[in-house]
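**Student:** Take this structure, written in structure tokens, and hold onto it; I'll ask about it next.
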Amino acid sequence: MCQSLVDKVVQSEQLISIVEMDLLVLFEDWLEELETEVLNVLKKNASLDEKALARTLGLSNRGTAFLVSKLKRQGRL
């Protein structure tokens, strides 16, 4: 858990160094919306694999894999 927190701080510092804060907030909001969409779609149809989920959401396979992995690491999926 501590390592995860340290990783998030490092990642935030890296993003802040190259992105304006207002843009970072918008990105984080957008990412949260995508995570919620993934959870809602899977709640309705838990049998979807990542490729079908990507098609349903209109996202790339790689982007969907990232979101699913992130949600699993957070224990939300």
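**Student:** Could you list, in sequence order, the residues of the stretch 39-49 that are more than 15 Å from R76 (Cα to Cα) and exposed (fewer than 14 other Cβ atoms within 10 Å of the Cβ)? Before you say what the answer is, go through the steps one by one.
**Tutor:** Keep residues of the stretch 39-49 that are more than 15 Å from R76 (Cα to Cα), which gives 44-45, 47-49.
Matches in the stretch 39-49: K44, N45, S47, D49.
**Student:** Which of the residues belonging to the stretch 38-50 are closer than 15 Å to A65 by Cβ and either outside any helix (DSSP H, G or I) or modelled with pLDDT under 95 (or both)?
**Tutor:** Filtering the stretch 38-50 for residues closer than 15 Å to A65 by Cβ gives 38, 41-42, 48-50.
Within the stretch 38-50, L48, D49, E50 qualify.
**Student:** Collect the residues in the stretch 64-77 that are surrounded by 13 or more Cβ atoms within 10 Å (Cβ to Cβ) and either in contact (Cβ under 8 Å) with a residue 12 or more places away in the chain or touching an Asp or Glu at 6+ places or on another chain (Cβ under 8 Å) (or both), keeping them in residue-number order. Can you show your working first?
**Tutor:** Pass one, the stretch 64-77, residues surrounded by 13 or more Cβ atoms within 10 Å (Cβ to Cβ): 64-68, 70-71, 77.
Once the filter is applied, which keeps residues that are surrounded by 13 or more Cβ atoms within 10 Å (Cβ to Cβ) and either in contact (Cβ under 8 Å) with a residue 12 or more places away in the chain or touching an Asp or Glu at 6+ places or on another chain (Cβ under 8 Å) (or both), the stretch 64-77 yields T64, A65, L67, V68, K70, L71, L77.
**Student:** Out of everything in the stretch 51-77 that is charged (D, E, K, R) and part of a helix (DSSP H, G or I), what residue ends up being nearest to Q11 (Cα to Cα)? Spell out the reasoning first.
**Tutor:** Within the stretch 51-77, the first condition is being charged (D, E, K, R), and the residues that meet it are 51, 55, 62, 70, 72-73, 76.
If we keep only those that are part of a helix (DSSP H, G or I) too, we end up with 51, 55, 62, 70, 72-73.
Numbers: K51: 28, R55: 29, R62: 20, K70: 14, K72: 19, R73: 16 Å.
Looking at residues that are charged (D, E, K, R) and part of a helix (DSSP H, G or I), I get K70.
**Student:** Same structure again: Of everything in the stretch 6-37 that's among the polar types (S, T, N, Q) and at pLDDT below 95, which residue is surrounded by the fewest Cβ atoms within 10 Å (Cβ to Cβ)?
**Tutor:** Start the filter on the stretch 6-37 by keeping residues that are among the polar types (S, T, N, Q), which leaves 11-12, 14, 17, 36.
Going one step further and asking which of them are at pLDDT below 95, we end up with 11-12, 14, 17.
Working: Q11: 10, S12: 12, Q14: 10, S17: 7.
Only one residue fits best here, namely S17.
The values are calculated or read from the model by the stated rules, or taken from the named source; none is laboratory data. What you see is a predicted model; the values in this text were computed from it and never measured. So basically every Cβ, Gly included, is an ideal-geometry build from the backbone, and we count neighbours across all protein chains shown.
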